[in-house]
Amino acid sequence: MAAEQGPKGVCFDCSKSEAYTPQVNLKAWRRKLQGSVKIFINKDPITLERLREAACYVFVAPQEHFAPEEFAAMREYAEEGGSLMFMLTEEGESRLGTNLNAFLEGYGIQVNSDAVVRTVYHKYLHPKEVYISHGVLNRGINSGAGKRVGKEAAAGALSASISEPGPNANLAFAYPYGSSLTVAKPSFAVLSSGPISLPLNRPICALHESPAGGRLCVLGSSHIFSDAWFDKDENGKLAEVLVKWLLKLDGVEMEVADADEIEISEYIHVPDTESLAQRVRCCLEESEEVTKDFTVLFDHSLFKFDTSLIPEAVQLYEQFEVKHEPLSLIPP
């Protein structure tokens with residue numbers, strides 16, 4: 001039985017103590033979706049029959065573990081043509097106390113236990129509130145958002161100013177308190193952290209499409225579509241594009257060529273300098289062999305008291321044309 005798309009609408013799961021629900025912190029997104037699709041909530045255990053009631057299931061920051069039978073139901077649901085969307089947060093599943101990576105790894109996606117930070121200040125005060133203007137990796141995102149389409153729109157060949165995003169610029173969005181992803185085939189990345197954030201040019205949003213038409217979207221930030229951030233920059237447009245792709249609406253499709261030729265930087269681990277600074281350790285270095293006659297080790301020229309500088313001081317009288325006579329008091 002294939003899941004029918006469109007009329008069934010979007011279901012937000014609330015069975016895993018999700019930090020964000022349509023009633024809490026997702027009101028703006030809910031109002032946006034209600035204009036085009038049906039919205040409902042699931043508080044019951046996840047089963048295949050329950051999943052089939054919706055065209056797309058959304059999990060925003062789940063804070064409980066999934067059971068193996070729930071993973072099996074979601075996997076079968078996706079194989080039947082259903083759509084799933086997962087949104088996590090900084091530090092990945094370890095911060096939320098869930099086990100989603102065990103499910104996502106089957107699709108070549110892993111949410112890293114890190115945080116995307118901006119290296120320079122722009123628009124937002126906190127370093128983890130990242131403004132990304134050069135992070136689109138697939139022209140399908142720009143096309144769905146009404147941006148320019150063409151080879152010049154691919155990441156790495158952008159000329160739009162960071163402070164003057166014109167109508168032909170790439171989609172610019174805020175990425176608050178999110179983590180990076182590790183993506184491998186058959187999945188593909190569509191958004192990256194950009195060249196001005198750390199980790200550098202790493203995936204932050206990945207998609208997957210099964211042969212039966214089932215679709216999967218993984219986003220490293222759950223704050224990005226919250227009420228506080230939905231109207232910042234073009235986050236609302238990004239949410240609209242991703243939901244339309246999951247529901248297969250308005251012909252929103254990703255570019256296959258861009259999915260096969262994504263330029264992503266390597267994930268580089270660096271030492272935790274903060275913790276290392278708290279654990280100072282001494283070290284031993286090899287030195288030259290010390291002579292047995294220790295007396296030669298003393299340098300008497302460093303400190304001494306003698307008259308060797310008197311002749312040089314007397315010559316200064318002639319050089320400065322000053323009479324060589326005892327000093328006297330200057331009358332007031």
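The values are calculated or read from the model by the stated rules, or taken from the named source; none is laboratory data. Since we're looking at a predicted model, the values are computed, not measured. For neighbour counting, all protein chains shown are included, and Cβ atoms are generated from backbone atoms with ideal geometry for every residue, glycine included. To get the accessible areas, we keep the full protein, side chains included, count just its heavy atoms, and leave off ligands, DNA and RNA. Shrake-Rupley method; radii C 1.70, N 1.55, O 1.52, S 1.80 Å.
Length gained on full extension, Ala184 to Ala228, computed as 0.36 nm times the residue gap minus the Cα-Cα distance: 12.7 nm. Relative contact order, whole percent, for the chain stands at 17, derived from Cα pairs under 8 Å and 6 or more residues apart. In terms of overall dimensions, region 214-303 has a Cα radius of gyration and Dmax of 31.1, 91 angstrom. Between the residues Leu219, Ser187, Val252, the greatest Cα displacement towards the positive end of the dipole of region 165-258, with unit charges on the Cβ of Lys, Arg, Asp and Glu, is found for Ser187.
Share of carbon and sulfur in the accessible area of region 223-332 stands at 57%, probe radius 1.4 Å. Accessible surface calculations at 1.4 Å, restricted to protein heavy atoms, place region 1-109 at 41 Å² per residue. What fraction, in whole percent, of alpha-carbon pairs in the chain exceed 38 Å separation? In whole percent, the long-distance tail amounts to 32. Once Rg and the Kirkwood radius are both taken over the C-alpha atoms of region 1-126, their ratio Rg/Rh works out to 1.00.
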